[in-house]
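Enquirer: This structure is in structure tokens; I'll ask about it shortly.
Only the coordinates and a few stated rules stand behind these numbers; no lab work does. Every value quoted in this text rests on a predicted model; they were computed, and no experiment measured them. In this analysis, Cβ positions are derived from the backbone assuming ideal geometry, glycine residues included, and neighbour counts consider all displayed protein chains.
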Amino acid sequence: AQTVTQSQPEMSVQEAETVTLSCTYDTSESDYYLFWYKQPPSRQMILVIRQEAYKQQNATENRFSVNFQKAAKSFSLKISDSQLGDAAMYFCAYRSQIYGGATNKLIFGTGTLLAVQP
Amino acid sequence: DSGVTQTPKHLITATGQRVTLRCSPRSGDLSVYWYQQSLDQGLQFLIQYYNGEERAKGNILERFSAQQFPDLHSELNLSSLELGDSALYFCASRTGGANTGELFFGEGSRLTVL
């Protein structure tokens, strides 16, 4: 079964600085998606960035980028120029790309709580 | 706004009671997923429906049941409630077939069992 591990329960960053959140996963599949979701105090789950495993290029969305290392099964999130609004819980998630079955669910890590200091 | 609507947003009830949580997926989305988020458990997958049929089942208790109706909305029924059922229940949806893979989440229904 697939698993997602986030080893940093809490992180802190100064406003305008850069922070990297770590995520590792375990799977025997070759085709899958990886995601970072943000959950601010409102508790809404917001997609930050996605990565398809077949793409070698790391995904980027404005100040958010990932370092995807498929062989190492690592998927870290880098937040540049951190802003106060980035303070939230960040979840790494895995989803199989295989059609059908129980593998289509999102499997979440336990989350990293990011604090942004002014 | 994700386009996924969940009601009620908040619900307070007593142990032993039964509640129903409702989810309307994004227009055109065929798959509905239910997740439970409690303080010490993270986000746990409960169940998935695709176009009215149960597709996958996760850590869903026998006291819980769900269904997806012909109009694609879904309901999660929680019965014989216990204190430990207090949690945030999320519904998420996505399109079937080829897609970008992500799930779109509603704002959640916060259940408090007293």
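Enquirer: Counting just the Cα atoms, what span does the stretch A:1-70 cover along each of its three principal axes? Round to the nearest Å and put the largest first.
Expert: That gives 37, 25, 21 Å along the principal axes, largest extent first.
Enquirer: Calculated FRET efficiency, residue A:72 and residue B:54, Cβ-Cβ r, R0 35 Å, to nearest 0.05? Walk me through the numbers before you get to the answer.
Expert: Working: r = 36 Å, r/R0 = 1.02.
Step by step, r from the Cβ atoms, then E = 0.45.
Enquirer: If you don't mind, another one. Hey, got the Cα dimensions of chain A along the principal axes, in Å, largest first?
Expert: Sorted largest first, the three principal extents are 45, 28, 22 Å.
Enquirer: Could you bin all the Cα-Cα distances of chain B into 10 Å bins starting at 0 and give me the percent of pairs in each, rounded to whole numbers?
Expert: 15, 50, 29, 6, 0
Enquirer: Please check chain A for the longest run free of chymotrypsin sites (Phe, Trp or Tyr not before Pro) that are loop-located per DSSP (anything but H, G, I, E, B) and have at most 16 other Cβ atoms within 10 Å.
Expert: With chymotrypsin sites (Phe, Trp or Tyr not before Pro) excluded where exposed in loops, chain A gives A:1-53 as its longest stretch.
Enquirer: Also, quick follow-up: If you take the Cα Rg of the stretch A:50-118 and divide it by 2.2 N^0.38 Å, with N the number of residues, what do you get?
Expert: Working: Rg = 14.0 Å, N = 69, 2.2 N^0.38 = 11.0 Å.
Taking the Cα Rg and dividing by 2.2 N^0.38 Å, one obtains 1.27.
Enquirer: Let me ask you something else. Using the Cα atoms of the protein assembly as shown to build a convex hull, what is its mean projected area in square nanometres?
Expert: It is 12.4 nm².
Enquirer: Taking the stretch B:1-86, which trypsin sites (Lys or Arg not before Pro) meet the DSSP loop condition and have no more than 15 other C-beta atoms within 10 Å?
Expert: Passing both the DSSP loop test and the Cβ count: B:9, B:18, B:63.
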